[in-house]
Structure formats: structure tokens, C-alpha cells
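The values are calculated or read from the model by the stated rules, or taken from the named source; none is laboratory data. Remember, predicted model here, so these are calculated numbers, not experimental data. Ideal geometry is used to build each Cβ from the backbone, glycine not excepted, and the neighbour counts take in all protein chains shown.
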Amino acid sequence: MDAMDITSQPNSQNNVKLQHFGSIVVLDKEFTVVGVSESVLTKEYLNTEIILGTYFFESFKEVFGKAISKIKSALTDILENGHSRHILPIKIKKNRIYVKLRIYEGHFHVEWEQQHKKYISAKKINEFNFLLDTIQPNNWDRVCLAINRLLNYDRVFVLKIQETGYSSVIAEHTANGLPFFKGKEFSKDYMPADAISYYRGYSYRYSPNVDADYQNFISIYNNINPLSSLLSPIPDLHKLFLKKINTKSSLFFRICIDGEFWGLVIAQNERERPIDLQQRKLCTFAIQAASSKYESHVKQNLLERNELLNLAEENLKKSLSENKMVNCALVQHMDILTDLVNADGLAIFNQGDVFNYGHSPQKAQFYEIIHFLQQHTDKVLFKDYNFRLNHQINFKDSLNFAGLMYLKVGLENDYYLVWFRKESLSQVMQMDLKSDEYENLHLKIWDEVRYDVSKPWNDAEINFVLRLNQIIKESIFAKLKERQLLNEELLSLNNELEMFTHTLSHDLKNPLSILKMGIQFLQQHSDDVDFTKMNKWYQNFSRSVSNIEDIINNMVQLSQHRTSALDKEPLPMAYTIKRIFQENSILYNAINCRFYAGQLLPIWGEKSAAYQIFTNIIANAIKYSSNADNPAIEIESSNEEDLIHYRIKDNGIGIPTQHLPHIYEMFSRADNVGPIPGTGIGLSLVKRIMERLGGNIVIESEVGSGTTVHLYFPIVQDFPDHMLHD
């Protein structure tokens with residue numbers, strides 16, 4: 001393509017606009033001019049029709065004078081040796097300029113701007129270096145101070161982009177010493193994805209005069225992208241924002257941590273104040289150094305946190321392996337589980353039982369929260385830092401927390417770990433950008449206090465919860481294997497029991513037959529049998545009874561060594577007991593039965609065993625008091641040295657005195673029960689379970705006055721404090 005063909009149709013690049021503080025020429029790999037900024041044509045008195053498509057080193061010889069050879073040498077070096085960029089300070093017609101050369105997307109960019117300072121004083125450099133050396137890894141206020149010693153702007157502040165989309169001002173230095181933005185948050189609208197992409201693409205962005213008009217960029221091809229140039233204007237929203245706060249000059253330095261865009265150091269001045277390239281570069285180096293220090297600080301903190309996490313994980317794994325019940329281990333470590341996610345409180349919901357730690361809702365409201373979560377999400381992990389803001393309308397009483405995160409354990413909706421965070425008030429600068437009928441943009445900004453939100457859950461905290469979930473899964477799987485082995489052992493025991501049954505059936509036949517025959521003989525010949533024969537029969541009776549006793553004792557001894565005590569964990573009983581009463585009231589149609597509950601302390605026990613115990617006792621109390629005029633059941637508990645004592649009292653028919661010694665015998669029922677249903681097995685079962693728990697049962701009763709059952713549960717070790725306030 002010859003020069004005339006190229007220049008015949010210049011392209012405005014969709015009306016691309018650039019700032020006026022510099023000029024740019026874009027070249028192809030043969031150094032042909034394929035794009036220029038409008039300032040090149042006006043300042044240097046060049047014509048578009050002549051310039052586009054020409055050989056750069058010929059057409060710009062007069063513009064750069066003798067320096068054109070330096071530019072040619074630098075561009076050749078970039079092309080041949082792969083260097084990314086060069087900066088050349090040169091003098092043109094008594095004007096000092098900086099020429100910046102680089103290659104971008106297959107094109108050379110030759111960009112230049114005025115030099116405002118010939119050099120920066122040694123005193124200024126030394127002062128700046130001293131400030132840099134004294135900057136601590138996480139002291140962004142000191143960074144702002146150092147930057148402003150070079151710029152002398154009205155303010156310099158650090159804007160950190162939050163995971164939520166809001167941006168927080170975490171540090172600031174102002175010329176008058178008064179905070180301007182410190183402590184505020186910027187709206188989500190301030191840093192949309194395209195703005196982040198704009199600032200991430202260059203080490204800094206510069207707007208020396210926000211009120212200055214833009215210049216056009218004219219090019220041959222559509223694929224030339226001058227937006228990567230420093231002359232590219234800042235986003236419209238930010239330009240309007242600067243005007244709103246009466247700011248003329250502004251600088252935006254990017255902060256990248258671990259390769260990710262983290263935030264900006266922003267400098268603003270109400271009057272136009274140009275900043276020389278040297279000063280901007282020094283600020284860039286300073287911020288990069290501060291970012292490196294901060295990144296090292298973050299990584300060190302991460303290492304220390306990982307060490308804490310690993311230690312916590314080991315302790316949890318050990319506790320989970322030592323405790324037969326997963327829930328018991330988690331309850332014992334609620335303080336650690338709360339601290340490691342920086343929460344204010346934690347509650348564990350396990351099949352209706354609730355365990356609380358720290359700042360958490362009342363139990364009645366917590367049941368509402370669990371029901372709400374069960375109905376509205378089936379995620380394993382759910383987090384919402386503004387839960388109260390979004391969902392308060394669904395709850396009767398005010399929520400005492402703002403943020404919530406939960407972990408669902410297992411596949412059923414009956415086991416949750418729920419963390420809570422308190423409200424964290426923040427002042428947000430909200431923004432609304434609209435265009436009028438003439439397509440002019442207008443920005444409205446106002447301050448707004450955000451309520452009902454908490455500090456967001458970050459990636460490190462979420463990762464810990466996910467790791468915790470994996471640990472729990474592994475523990476549950478291990479315990480399932482243990483149960484599988486136990487089931488195999490139980491199957492073996494059942495086989496042995498079947499053998500014992502056959503043995504008893506077979507071996508007891510003879511002694512029982514002898515007893516039966518002897519009794520029949522004596523009944524038929526009681527008048528004429530002599531003393532010798534009678535004595536012989538008595539001896540046979542005695543031997544038969546001894547044989548029966550020996551057979552039974554042997555069977556018992558054989559089975560005793562296979563019997564083990566039940567595994568125990570701390571169990572809150574208030575919810576369970578009330579639920580059992582409600583279930584049995586319905587089952588036995590005892591709607592008019594009143595229930596009085598005193599203090600219901602936790603016990604050390606096994607959950608299903610405890611349920612069996614209280615179900616049998618409460619069911620009996622309801623059944624045998626159903627015919628009373630005003631049936632009532634009272635349940636209370638107390639701490640007696642190393643025992644938890646439960647007392648269950650009813651006003652039912654009572655147990656006859658002569659039957660009290662037999663109440664724990666299988667199939668034994670008092671003669672005053674009448675048509676009340678029952679098998680006579682319940683109390684026998686309760687006694688056996690209490691014994692396996694290491695506890696005891698005592699029953700007091702009087703016919704017509706009712707029955708009181710006393711249950712004594714050993715305290716294995718101290719209960720968690722929060723369980724004693726149930």
C-alpha cells in the first residue's frame with residue numbers, strides 16, 4: 001500500500017479522545033506513521049494528509065531535530081532486543097521534553113510531554129528516602145505522607161477495593177491535617193469492572209486538569225488502541241466526581257498485591273498543579289516498594305495463620321478421634337472455631353439441640369433462623385454479611401447480629417454450625433450517574449450511613465470453614481467404619497445369643513423335667529410316700545435348682561465380658577424433655593395434662609439412651625395420671641456434688657407398696673393398672689440403661705397420690721459454661 005492509498009481515508013478511531021498534556025504518534029513495524037494525536041498537528045504545524053502513511057524518521061526530523069537519531073536508536077533496540085520501553089529526556093527548540101517509547105499490540109508508541117522540573121533536589125530525595133525507609137509494612141498513612149512530600153497536593157489517600165465491591169479509604173494525608181475521606185467508603189458504582197481494568201493497565205494514571213478539553217486521535221486502522229497511553233482520559237464518572245469535589249489535578253497509582261489489583265493511592269489538588277514525570281516515577285517506585293513490604297507482611301501473617309490453622313486442625317482431629325461423638329468434640333472447641341473465622345459468636349444445631357458460644361441469638365430465635373435457612377437454601381456453605389438488612393422482615397424479633405455464615409454438616413438438614421458477626425457501621429459516599437435528554441452526564445453524590453451490615457467474610461475465613469467441613473467428613477467416615485465394625489461385632493453377638501438360647505432351651509430341659517416329675521409325684525403320693533423317697537426327691541430338687549442356677553450363671557458370665565459402658569457426651573436436656581412431653585401428650589390424648597418444668601440441667605450421656613430413659617418415664621407419668629382430675633407432671637433437676645439429679649413427679653394412680661420391690665422385673669405390672677395399656681418392660685429397660693451409663697434410678701410411690709422417679713447421672717467432667725444457662 002503506497003502513501004497516497006493510506007492517507008486517503010484517515011479514521012477517527014470511533015472518535016477516540018485523549019488528554020491534552022502530551023502528544024502521541026503510533027508507528028507500525030516498518031516505522032510508518034499510522035496514527036497521531038491532534039496536538040501533533042497543531043503544535044508542530046503538520047498536516048494529517050501529509051503525515052499519515054509516511055516514514056516517521058523523515059517526516060518528524062524537523063520536529064525532533066538532532067534527537068531523532070536517539071529516538072531511532074531506541075526504537076531499533078526495542079525491536080531487535082525485545083526491550084519493552086525507553087524514556088529519553090531531550091530538548092526541542094529550547095523546550096525540554098520526555099519522549100516515551102514502547103511497543104504495544106504490534107505498534108510502536110512514541111509519546112512525549114513537557115518537562116516541568118530539570119531535577120529534584122538532593123534534599124528532597126534524601127527526605128523522601130528517609131520516609132520510605134521508615135514505612136512499616138502495614139502503615140499506609142506513612143505512605144501517603146511520603147507521596148505528598150513530593151507532590152504537595154491537598155490530599156493523598158489509599159482506596160482499598162473490598163470483596164463486596166465497596167471501596168474503603170484506609171489511610172490519608174491532607175495538607176491541612178484534617179480528614180477529607182478517611183473512614184469513608186465509596187459506593188460500588190465508583191469502581192466498576194471497566195474502571196478497575198483501566199487503572200490496572202498502567203502503573204499510574206494522570207489528569208493534570210480535569211476541566212481541560214480533550215484532543216482527537218486520528219489513525220489509519222481500526223485496530224490501533226491508544227487507550228493504553230497515559231494520555232487516555234480517566235473514566236467519565238471519576239472526572240465528574242473530581243469536578244463535584246472541586247478538584248483540578250489528580251493522580252491515581254495502582255496497588256497490586258500478589259499479582260491482583262488491590263486498590264489505589266489517589267492524590268488530589270483543588271488547583272491545577274502539573275507534576276513532572278520524574279516525580280510521578282518516584283511516587284510509583286515508592287508505592288511499589290510499600291506494596292512489596294505489605295505483600296511480605298500479608299504472606300508472613302498468612303504463614304502464621306496457617307500455622308495456627310494447622311495446630312487447630314490437629315487439635316480438632318485429635319479431639320474428634322478421641323470423642324465417640326463428633327458433636328461433642330465440636331462443642332468443646334467452640335471458642336477456637338469462633339476465633340479462627342473472626343466471628344463474634346457461634347451456635348451449633350444438632351437434631352434439635354442447640355449449643356451457643358459468644359454473641360449469638362436466643363434459642364427460640366435461633367430455631368427460627370434454622371427453619372428459615374432450611375426453607376430458603378440447600379447450600380453446604382452459606383454466607384451473608386448483611387443478613388439482617390436482607391432478611392430481618394422474616395423474623396418476629398430484632399436480630400442481634402448483622403452477618404451470618406453457616407456450614408451444613410452431612411446431607412440431612414439437621415446439623416448446622418452457624419457463625420455470627422455484629423453490626424459494623426460505615427459511612428458510604430453514594431453515587432448516581434445519569435444522562436439528560438442531550439446525552440450530557442450528571443453525577444449526584446451524597447453521604448449515607450450503612451446499618452445492618454457486618455464486616456464481610458473473607459477468603460481465608462471461608463477456606464477455613466471448607467477445611468473444617470473436610471475434617472468433619474473424614475471423622476464421620478472414620479466413625480462409620482467403626483460402627484460398621486461394631487455392627488459386625490453385634491451380628492456376632494446375636495449369633496452367640498441365638499446359641500445361648502438353644503443352649504438354655506436344651507440344657508434346662510432335664511433339670512426342669514426332674515422338678516416337674518418330682519412335684520407331680522409328691523402331689524399324687526403325698527400321703528403314703530416314705531421319708532427316704534421324699535428326701536431323695538428333695539435332693540433331686542436341690543440338684544436341679546443348682547443346675548439351673550449354674551447354667552444361668554455361666555450364660556451371664558459368658559455375656560458379661562462383651563458388655564461395655566455407653567459412650568457419653570454433654571447433652572442439653574431442656575429441648576429434648578419438652579419435645580418428649582409434647583409427643584406423648586398427643587400419643588396418649590392427654591391434652592389436659594399440665595407440664596411444670598424447673599431447671600433442666602444438661603447430663604453426660606448417650607443421646608439415644610437418654611431419649612429412651614426420659615421417654616419411658618414421661619410416658620408412664622402421662623399414662624398413669626390421665627384419670628386424675630387435674631393431671632400434672634413436674635420435672636426439675638439439681639447438681640448434687642458429682643451427680644445430676646432429675647426428679648419426675650406425677651399425680652397418677654401410684655404403685656402399691658407390695659409391688660415396689662418388683663417394678664424392675666420384666667413383664668411385671670401392678671394389680672391396680674386396670675385397662676391402662678403397658679407391657680411391664682419400660683422400667684426394666686430404664687434401669688439397665690441407667691446402669692450402663694453408670695447412674696441409678698430410685699422410685700417413690702403411694703397409691704392414689706402419684707409417683708416420683710429419681711434419676712442420678714454421673715458428671716464425667718465440667719460442662720461447657722454456655723450449657724449451664726439453659
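Just checking, which of 237, 231 is crowded, with 20+ Cβ neighbours inside 10 Å and either outside the structural domain of residue 190 (by TED's automatic domain parsing) or under 30 Å from residue 569 (Cβ atoms) (or both)? Can you show your working first?
On the way: 237 fails: crowded, with 20+ Cβ neighbours inside 10 Å.
After ruling out the rest, the residue left standing is 231.
Which fully enclosed helices (runs of 4 or more DSSP H) of the stretch 264-354 have 1 or more residues being of a type in the set (Val, Ile, Thr), over 30 Å from residue 573 (Cα atoms) and at pLDDT below 85? It would help to see each step written out before you state the result.
Numbers: elements: 277-322, 326-332, 334-339.
Here the list reads 277-322.
Taking the stretch 338-373, which residues are under 14 Å from the mean Cα position of the chain (by Cα) and farther than 13 Å from residue 416 by Cα?
338, 339, 340, 341, 342, 343, 344, 345
Taking the stretch 561-620 only, how many residues are over 21 Å from residue 363 (Cα atoms) and among the hydroxyl-bearing types (Ser, Thr, Tyr)?
6
For residue 316, only one of the following conditions fails: (1) under 19 Å from the mean Cα position of the chain (by Cα); (2) closer than 14 Å to residue 464 by Cβ; (3) surrounded by fewer than 17 Cβ atoms within 10 Å (Cβ to Cβ). What is its number?
(3)
Find all pairs meeting these conditions: Cβ atoms under 7 angstrom apart; at least six residues apart or on different chains; first residue within the stretch 242-271 and closer than 17 Å to residue 231 by Cα; second residue among the aromatic types (Phe, Trp, Tyr) and not in a strand (DSSP E or B).
As it stands, the answer is 252/199; 254/199, since those pairs meet every condition given.
When you go through 149, 142, 155 one by one, which is the residue that is under 24 Å from residue 292 (Cα atoms) and crowded, with 20+ Cβ neighbours inside 10 Å?
Details: 149 fails: crowded, with 20+ Cβ neighbours inside 10 Å; 142 fails: crowded, with 20+ Cβ neighbours inside 10 Å.
Result: 155 is the single residue among 149, 142, 155 that is under 24 Å from residue 292 (Cα atoms) and crowded, with 20+ Cβ neighbours inside 10 Å.
Which of the residues belonging to the stretch 597-607 are more than 24 Å from residue 329 (Cβ to Cβ) and not in a loop (DSSP other than H, G, I, E, B)?
597
Considering each of 644, 689, 697, 635 in turn, give the residue that is assigned to a helix (DSSP H, G or I) and closer than 30 Å to residue 329 by Cα. Let's see the steps before the verdict.
Numbers: 644 fails: assigned to a helix (DSSP H, G or I); 697 fails: assigned to a helix (DSSP H, G or I); 635 fails: assigned to a helix (DSSP H, G or I).
Only one candidate qualifies: 689.
Pick out the one residue from 655, 676 that is in a loop (DSSP other than H, G, I, E, B), in contact with a helix residue (DSSP H, G or I) (Cβ under 7 Å, 6 or more places away or on another chain) and either at pLDDT 75 or above or over 15 Å from residue 708 (Cα atoms) (or both).
Details: 655 fails: in contact with a helix residue (DSSP H, G or I) (Cβ under 7 Å, 6 or more places away or on another chain).
Result of the check over 655, 676: 676.
crowded, with 17+ Cβ neighbours inside 10 Å, farther than 27 Å from residue 201 by Cα and modelled with pLDDT of 90 or more, is that true of residue 32? First the steps, then the outcome.
Numbers: crowded, with 17+ Cβ neighbours inside 10 Å: yes; farther than 27 Å from residue 201 by Cα: no; modelled with pLDDT of 90 or more: yes.
Taking the combined requirement at face value, the residue does not satisfy it.
Given the residues 45, 119, which is the only one that is modelled with pLDDT under 90, in a loop (DSSP other than H, G, I, E, B) and more than 26 Å from residue 283 (Cβ to Cβ)?
Answer to the check: 45.
Condition check ((1) among the hydrophobic types (A, V, I, L, M, F, W, C); (2) surrounded by fewer than 16 Cβ atoms within 10 Å (Cβ to Cβ); (3) over 51 Å from the mean Cα position of the chain (by Cα)) across all residues:
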residue: 636; (1), (2), (3): no, yes, no
residue: 649; (1), (2), (3): no, no, no
residue: 663; (1), (2), (3): yes, no, yes
residue: 668; (1), (2), (3): no, yes, yes
residue: 701; (1), (2), (3): no, no, yes
residue: 708; (1), (2), (3): no, no, no
residue: 711; (1), (2), (3): yes, no, no
residue: 716; (1), (2), (3): yes, yes, no
residue: 722; (1), (2), (3): no, no, no
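Please state which one of 696, 672 is over 19 Å from residue 623 (Cα atoms) and out of contact with any Gly (no Cβ under 7 Å at 6 or more places or on another chain).
Just one listed residue meets the conditions, 696.
Quick check on the stretch 269-309: of everything there that is of a type in the set (Val, Ile, Thr) and over 30 Å from residue 335 (Cα atoms), which residue is farthest from the chain's Cα centre (by Cα)? I'd like the intermediate steps shown before the answer.
To start, the set of residues in the stretch 269-309 that are of a type in the set (Val, Ile, Thr) comprises 275, 284, 287, 298.
Still in the list and also over 30 Å from residue 335 (Cα atoms): 275, 284, 287.
On the way: 275: 45, 284: 36, 287: 32 Å.
Taking the candidates together, the pick is 275.
Let's see how each residue does on (1) in a helix (DSSP H, G or I); (2) within 22 Å of residue 350 (Cβ to Cβ); (3) within 42 Å of the chain's Cα centre (by Cα); (4) not hydrophobic (A, V, I, L, M, F, W, C):
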| site | (1), (2), (3), (4) |
| --- | --- |
| 579 | yes, yes, yes, yes |
| 583 | yes, yes, yes, yes |
| 609 | yes, yes, yes, no |
| 616 | yes, no, yes, yes |
| 621 | yes, no, no, no |
| 629 | no, no, no, yes |
| 639 | no, no, yes, yes |
| 660 | yes, no, no, no |
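Looking only at the stretch 51-109, count every residue that is under 16 Å from residue 25 (Cβ atoms), part of a strand (DSSP E or B) and without any contact (Cβ under 8 Å) to a residue 60 or more places away in the chain and tell me the total.
So the count comes out to 11.
Does residue 587 satisfy being surrounded by 21 or more Cβ atoms within 10 Å (Cβ to Cβ), assigned by TED's automatic domain parsing to the domain that holds residue 691 and touching a helix residue (DSSP H, G or I) at 6+ places or on another chain (Cβ under 8 Å)? So that I can check it myself, show each step before the final result.
Numbers: surrounded by 21 or more Cβ atoms within 10 Å (Cβ to Cβ): no; assigned by TED's automatic domain parsing to the domain that holds residue 691: yes; touching a helix residue (DSSP H, G or I) at 6+ places or on another chain (Cβ under 8 Å): yes.
No, not satisfied.
Looking at the stretch 163-218, which of the residues that are under 34 Å from the mean Cα position of the chain (by Cα) and among the basic types (Lys, Arg) is nearest to residue 113 (Cα to Cα)?
Among them, the one singled out is 200.
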